[in-house]
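Comments concern the structure below.
Every number in this text was worked out from the coordinates using simple rules, so none of it is lab data. Quick caveat: nothing in here was measured; it's all calculated off a predicted structure. Cβ sites come from the backbone with ideal geometry, for glycine too, and all protein chains shown count toward neighbours.
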Amino acid sequence: MPSYKAPVDEFKFILKDFLKVLDYTDTPGFESVDGELIDQILENGAKFYEEVWAPLNMVGDEQGCTLENGVVRTPEGFKDAFQQAAAGGWNSLSIPEAFGGAGLPDILSSCIAEMGNSSNQSLAMYGGLSMAALWSLMALGNDFQKSVIVPKLVAGEWTGTMNLTEPHCGTDLKLMKTKAVAQDDGTYRITGTKIFISGGDHDLTDNIIHMVIAKVPDDHGKLNDSLGAVNFFMVPKFLINEDGSIGEANGVSTGSIEKKMGIKGNATCVLNYDNAIAYKVPESQPKAASAGGEKKSSVSGMAGMFLMMNGARMGVGMQGYAQSEVAYQNAALYANDRLQGRSLSGAKNPDGAADPIIVFPDVRRMLMMSRAFTEGARALHMWLSFLGTSASKSTNPEEQMASGEISNLLTPVIKGYLTDMGFHCTNAAMQCFGGHGFIREHGMEQFVRDSRINQIYEGANGVQALDLLGRKVFANGMQGTNAFFNMIDEEISGAVGVDRLDGMAQSLGRGISDLKAATHWVAENALVNREQAGAASYDYMTMFGTVALGLMWLKMMKVATSKLDSSEGDAAFLNSKIAHGNFWAQKMLPDTASLLVKIQAGSDVLMELDASAF
């Protein structure tokens, strides 16, 4: 059975040394945060997820979920483990106290969420989408929803879901057929089918709050193929009485559980809505039909959906490196223990029958790639999550505005690149086991299967790449892009020629130069032929992510170098940071040169064949 040990020292380094969160105690939400509190949260959280959740990961994979008489049953131990997490407040650290949470900064919950996903992604997903649902209700819900429903979600008494995809359409939401018909009492009646609904039904809690997008028909009862007809709704599994108690069953049922490659402990459901009572979020009466014949609401239903989805995309990006973390841990243990062959430079274990496979450069390549990615990805995710807080201390309005632009810019990179590389590194970790990695008892093949979904849901990564290059890079006169590029240039200028940093600075300099050249090439060529942007987008996202992690590594290497120079901290830990930063500089950042060549090759080779040739 695989093991998991939460990377507590890594979290402490990022929080205290890299982000310096203890300098923000005069910032709302951080008043009570000190070093002792951080240590207590991380260490107690680690103990819980290592001891309670991790042992259930293989159980969930082997047993899966079952549908009995219309009700989903989760694997053995899941319900108790979920309720323990809720009782411990692990799912509500960053929820405001007014709603029943601990009111601590989001950046602390990010660490706990990673522990949950590394230890048991299937189980973590039930609570993860509940967070997305409750944040949307906190932002857009009416008084009843905020005062009654949100606290139930915070306490883990109820869970939430996100309902977007339908059998005939995925990302193209204009093609949706799920219909919401307005009623005289201000509610709606929803009819339709949603698929791929994570945690769509289960036995962990008493009620489930489904957040659903559906189309409101025009005055002729027609569903128009327009996003303007889309609205955002709350649909409880069981209706909720005025006092908050659970009423009768609503018109939503589980048609089936998807039989899937991984995350088998999470019930991915087909949900059928049959005249189900729904509540529009935000609450408003439908307006008269527009000139185009479709209903328009006072607040866009797509706005509510994107509020929830952007949070989910950040969460999925974290899942990408969370799986890479646990896979790396087990591969590193195995590589140090497995005796096979002799070192190419002479025996390193002369008294043994063979050397451990950690002596081989290719095994080290896979391990160092996995660790350099995981630590860089964690830094990027947490840095971006903290960017708004750090910008709030600035007196420069342009810097504060740039933080929002950079967050929008990097969201598709977080979702797309981190899950791509997370899967790649998880797969590499399995490879370290050789044939044993293919055998279930070691648990590595489950990590690979579980990790694979992260590249697909919440918008497949090809869509993330199109979003990055088609919408985000050139938005608002490239304000966010230029701000991010300038940030990289400034970091490089302060590191060139500095001992321990110059190699990374030079390599990152070449990487950002390639990225700027790619951006310029797309800007020139996509105006003439939009297929050029589509053909370039995936390689561009990969290049962007590679450079973004290079920035994180340069920042972390600066911190590690400073601490070493002042004889602070654990020298072995800090030297490992520098070594893995150098790996990224020498083995990963050079990929930007080949990616630039691919981008500049254009779209012709992709588009010249007729569809019938495939």
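Once the piece of chain linking Asn241 and Gln183 is laid out straight, how much longer is it, given 0.36 nm per residue of separation minus the C-alpha distance between them? Walk me through the intermediate numbers first.
Details: separation 58, 0.36 × 58 = 20.88 nm, distance 1.84 nm.
Once the chain is fully extended between Asn241 and Gln183, it gains 19.0 nm.
By how many degrees, 0 to 90 and rounded to 10, does the Cα axis of helix 301-337 deviate from the longest principal axis of the chain?
Taking Cα atoms only, the helix is inclined about 40 degrees.
Using +1 at the Cβ of each Lys and Arg and -1 at the Cβ of each Asp and Glu in segment 301-459, identify which of Gly404, Asn349, Met318 lies farthest towards the dipole's positive end.
Final value for the positive-end residue is Asn349.
If you place +1 on the Cβ of every Lys and Arg and -1 on the Cβ of every Asp and Glu, how big does the dipole about the Cα centre of segment 8-149 come out, in debye to the nearest 20? Before the final figure, lay out each step's value.
On the way: 7 positive and 21 negative charges, 98 e Å.
The calculation lands at about 480 debye.
Calculate the length of the line joining the C-alpha centroid of segment 386-407 to that of segment 434-483, in whole Å.
26
Only Cα pairs under 8 Å and at least 6 apart count here; give the relative contact order of segment 470-614 as a rounded whole percent.
Details: 123 pairs, mean separation 45.4, N = 145.
Result for segment 470-614 is 31 percent.
Under 17 Å from a point placed 7 Å out from the Cα of Lys259 along the Cα-to-Cβ direction: which residues of segment 182-204 have their backbone N that close?
From segment 182-204, the list is 196.
Would you mind calculating the relative contact order of the chain from Cα pairs under 8 angstrom and at least 6 residues apart, reporting the percent as a whole number?
Details: 1075 pairs, mean separation 71.1, N = 614.
Relative contact order for the chain comes out at 12 percent.
Applying 1/(1 + (r/R0)^6) with R0 = 45 Å to the Cβ-Cβ distance of Ala517 and Glu248, what FRET efficiency is obtained, to the nearest 0.05?
Values: r = 62 Å, r/R0 = 1.38.
Plugging the Cβ-Cβ distance into 1/(1 + (r/R0)^6) gives 0.10.
Need one number: the % of Cα-Cα pairs in segment 301-459 sitting beyond the 28 Å mark. Don't jump to the answer; show the numbers that get you there.
Working: 4618 of 12561 pairs.
The proportion of pairs with Cα distances above 28 Å equals 37 percent.
Rounded to whole Å, give me the distance from the Cα center of segment 564-614 to that of segment 220-263.
That distance is 42 Å.
To the nearest 20 Debye, how big is the dipole of the chain about its Cα centre, given +1 on the beta carbon of each Lys and Arg and -1 on that of each Asp and Glu? Please list the in-between numbers first.
On the way: 49 positive and 70 negative charges, 216 e Å.
Rounded to the nearest 20 debye, it is 1040 debye.
Using a Cα distance threshold of under 27 Å, what count of lysine pairs results for segment 476-606 when pairs must be 8 or more residues apart or interchain?
13
Using Cα pairs closer than 8 Å and at least 6 residues apart in sequence, work out the relative contact order for segment 103-262, in percent.
On the way: 227 pairs, mean separation 28.4, N = 160.
Contact order relative to length: 18 percent.
Which of the aspartates and glutamates could be linked to Lys174 by a straight reach, that is with a Cα gap under 14 Å, when you skip same-chain ones fewer than 8 residues away?
Partners within reach: Glu166, Asp225, Glu294.
Can you tell which of Val216, Ala249, Thr159 lies farthest toward the positive end of the dipole of the chain, using +1 and -1 charges on the Cβ of basic and acidic side chains (Lys, Arg; Asp, Glu)?
Val216
Which value, in debye to the nearest 20, describes the size of the charge dipole of segment 548-614 about its Cα centre when Lys and Arg Cβ atoms bear +1, Asp and Glu Cβ atoms bear -1, and nothing else is charged?
Details: 6 positive and 7 negative charges, 78 e Å.
Around 380 debye, computed over segment 548-614.
Got a sec? Which residues in segment 571-591 would a label at Leu564 touch, if it sits 7 Å along Cα→Cβ and we count backbone N under 19 Å?
Backbone N within reach: 571-588.
Percent of Cα-Cα pairs per 20 Å bin, from 0 to the last occupied bin, for the chain, please list those.
Bins of 20 Å from zero give 19, 52, 27, 2, 0 percent of pairs.
Please identify the GluC sites (Glu not before Pro) of segment 476-583 that satisfy two criteria: DSSP loop assignment and at most 14 other Cβ atoms within 10 Å. Which are they? If you can, show how the numbers build up before the last one.
Values: sites: Glu490, Glu491, Glu524, Glu531, Glu568; in loops: Glu568.
Those satisfying the criteria are Glu568.
Between Ala579 and Lys47, what's the calculated FRET efficiency when r is the beta-carbon distance and R0 is 25 Å? Round to 0.05.
0.30
Can you tell me the length gained on complete extension of the stretch Leu67 to Ala139, counting 0.36 nm per residue apart and subtracting the Cα distance? Let's see the in-between values first.
Working: separation 72, 0.36 × 72 = 25.92 nm, distance 3.38 nm.
Stretched fully, the Leu67-Ala139 segment lengthens by 22.5 nm.
Where the centre of each part is set by its Cα atoms, how far does segment 156-215 sit from segment 92-150, in angstrom?
Result: 19 Å between the Cα centres.
Order 556-564, 353-361, 464-472 from most to least packed using the mean count of other Cβ atoms within 10 Å. All intermediate terms of the calculation are to be shown ahead of the outcome.
Numbers: 556-564: 20.0, 353-361: 16.7, 464-472: 22.0.
With the highest mean Cβ count within 10 Å placed first, the list reads 464-472, 556-564, 353-361.
Which lysines have a Cα lying under 30 Å from the Cα of Lys79, excluding residues fewer than 8 positions away in the same chain?
Lys5, Lys47, Lys146, Lys152, Lys194, Lys237, Lys259, Lys260, Lys264, Lys415
Can you tell me which of 592-603, 256-267 comes out highest on packing, and rank the rest after it, using the mean Cβ neighbours within 10 Å? It would help to have the intermediate numbers written out before the result.
Working: 592-603: 17.7, 256-267: 19.7.
Top of the packing list down: 256-267, 592-603.
Would you work out which of Gly581, Ala505, Thr592 lies farthest towards the positive end of the dipole of segment 476-606, given +1 charges on the beta-carbon of Lys and Arg and -1 on that of Asp and Glu, about the Cα centre?
Of the listed residues, the answer is Gly581.
Relative to the longest principal Cα axis of the chain, at what angle does helix 35-48 sit, 0 to 90 degrees, rounded to 10?
For helix 35-48, the angle is close to 80 degrees.
What is the distance, in nm, between label points placed 7 Å from the Cα along the Cα-to-Cβ direction at Phe614 and at Thr171?
About 1.3 nm separates the two model spin labels.
Based on the mean of other beta carbon atoms within 10 Å per residue, what is the order of 12-19, 513-520, most packed first? Can you show the working numbers first?
Details: 12-19: 21.2, 513-520: 18.9.
Taking the mean over residues of other Cβ atoms within 10 Å, the ranking is 12-19, 513-520.
If r is the Cβ-Cβ distance from Asn476 to Val496 and R0 is 35 Å, what FRET efficiency results, to the nearest 0.05?
Working: r = 31 Å, r/R0 = 0.87.
Plugging the Cβ-Cβ distance into 1/(1 + (r/R0)^6) gives 0.70.
Where does helix 479-493 land angle-wise versus the long Cα axis of the chain, in degrees 0 to 90, nearest 10?
20
Summing -39500 (n - 2.57) over the DSSP H runs of n ≥ 4 in the chain and dividing by its residue number, what mean residue ellipticity at 222 nm do you reach, to the nearest 500 deg cm²/dmol? Please list the in-between numbers first.
On the way: 17 runs with 298 residues, N = 614.
Roughly -16500 deg cm²/dmol at 222 nm, from the helical runs in the chain.
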